Amino acid sequence: MIRTWEDRYTDDVIALWNTYATRDGYQEMNAERFEASFTKNRYFDPGTAWVWLEEGVVTAFACGCTGDDLPLGDVAGYLTCIVTADDEGAPDRYARLLAAMEARFRSLGKRQVEALFFNPMQLPWYVPGTDRHEHNNAPGVPVGSALHDALLRHGYAERAIQCAMYLRLGSFAVPEAIVAKERKAAESGYEIGLFDRRQHRDPQALLAALGNPLWQQEIAAAAASGTPVVIASLHGEPVGFAGPVVREPSGRGRFAGIGVHPEHEGHGLGSSLFFRLCEAFQAIGADYMSLYTGSNNPALRIYERAGFRTVKTFATMRKELVR
């Protein structure tokens, strides 16, 4: 039977997670991590989280979230996870927990369900074939997982395939081809380097032109606080960025993204920004980088030229809700 969330289920859900979610590569949970990901997340709502009980034993956990301030938040609810024991009852649990989540989203006025990288409940996972190198968030549903199969069966459509990519930074070096591109761009007045308020104007105009609200928040905050950001500039005006340059405790180089003002494309700035970002992470002692990008994104080729390889794929998925 389905029960809405109560804190007394925490230990049993953690045990369930560590048995079954970890099979899809997700990081193990303890009380602190569970609270950070779920119950102390500002978007957590006990009415949008459920457990499945069989003779008093938790055999499944499902959680979603909403927020009008999130991307698509005015019309969509986010599916964060459904974790279930993999016995013969699993298909019924998926069906009924999805139905509960969809009904909850409809009651909150939402018109669709999204499994998408904008979900604020972040679920770290381990990079396959590494010594527990981790990525801080799952950009969708792992392709080929039991949840992925269940969503396809219940009317969820794949919107895109996200390639999770990985690079060890130990021997990274900026290739001469990139240096040559930078020399060519310099002839037109472009420069690549770390943001410096003494040399560069505020990046707000660039960020507004790129139109990504997450970048507008994180990159502006980094520039204001002195956190390194790689900048492409023209006579002191930022026209592209990559960053911020942050080393996580795991040794991972974490960054929000990379973008070039549409009016300044065609000068090789995107490639230079990314390679100089890798170099900046190496300089602050990051051990590795991981990122994700759409399988059809031309930037995939830039990442591959830098030495990144795809280590896992995720599907972003959507279902339109019928009122």
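The values are calculated or read from the model by the stated rules, or taken from the named source; none is laboratory data. The shown structure was predicted, so the numbers you read here are calculated from the model rather than taken from an experiment. Every residue, glycine among them, receives a Cβ derived from its backbone with ideal geometry; neighbour counts consider all protein chains shown.
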First in segment 176-188 and farther than 13 Å from L234 by Cβ, second anywhere and of a type in the set (A, V, I, L, M) and surrounded by 10 or more Cβ atoms within 10 Å (Cβ to Cβ), Cβ under 8 Å, 6 or more apart: E182/I192
Extreme residue, nearest to G268 (Cα to Cα), among residues of segment 202-213 that are in a loop (DSSP other than H, G, I, E, B) and in contact (Cβ under 8 Å) with a residue 12 or more places away in the chain: P203
Residues of segment 308-323 classified as assigned to a loop (DSSP other than H, G, I, E, B), surrounded by fewer than 18 Cβ atoms within 10 Å (Cβ to Cβ) and not β-branched (V, I, T), total: 2
Selection count where residues are under 26 Å from G211 (Cα atoms) and without any contact (Cβ under 8 Å) to a residue 24 or more places away in the chain, scope segment 50-82: 4
Matching residues in segment 171-202 - criterion: being in contact with a helix residue (DSSP H, G or I) (Cβ under 8 Å, 6 or more places away or on another chain) and of a type in the set (K, R): K181, R197
Number of positions in segment 25-46 that are assigned to a helix (DSSP H, G or I), without any contact (Cβ under 8 Å) to a residue 24 or more places away in the chain and over 24 Å from A164 (Cα atoms): 3
Residues that are assigned to a loop (DSSP other than H, G, I, E, B) and under 17 Å from N136 (Cβ atoms), drawn from segment 219-243: T227
Tally, over segment 74-103, of residues that are in contact with a Lys or Arg (Cβ under 9 Å, 6 or more places away or on another chain), farther than 17 Å from L16 by Cα and not in a strand (DSSP E or B): 5
Test: residue in segment 47-63 that is more than 25 Å from H135 (Cα to Cα), out of contact with any helix residue (DSSP H, G or I) (no Cβ under 7 Å at 6 or more places or on another chain) and in a helix (DSSP H, G or I): no
Qualifying residue in segment 10-28 (condition: of a type outside the set (K, R) and touching a Cys at 6+ places or on another chain (Cβ under 8 Å)): yes
Residue list for segment 216-230, filter: of a type in the set (V, I, T) and touching a residue at least 40 places away in the same chain (Cβ under 8 Å): V230
Residue count for segment 173-223, restricted to those that are in contact with an Asp or Glu (Cβ under 9 Å, 6 or more places away or on another chain) and of a type in the set (D, E): 2
Top-ranked residue in segment 104-123 [being basic (K, R) and part of a loop (DSSP other than H, G, I, E, B); ranked as farthest from G47 (Cα to Cα)]: R111
Test: residue in segment 157-171 that is in a helix (DSSP H, G or I) and of a type in the set (D, E): no
Selection count, segment 179-202, where residues are surrounded by 13 or more Cβ atoms within 10 Å (Cβ to Cβ), hydrophobic (A, V, I, L, M, F, W, C) and within 26 Å of V246 (Cα to Cα): 3
Among (1) of a type in the set (A, V, I, L, M, F, W, C); (2) over 22 Å from V179 (Cα atoms); (3) without any contact (Cβ under 8 Å) to a residue 60 or more places away in the chain, the one test that A286 misses: (3)
When residues of segment 1-43 are limited to those that are of a type in the set (F, W, Y) and within 20 Å of R132 (Cβ to Cβ), the one surrounded by the fewest Cβ atoms within 10 Å (Cβ to Cβ): F34
One residue from Q199, Q216 being part of a helix (DSSP H, G or I), at negative phi, assigned by TED's automatic domain parsing to the domain that holds V260 and modelled with pLDDT under 95: Q216
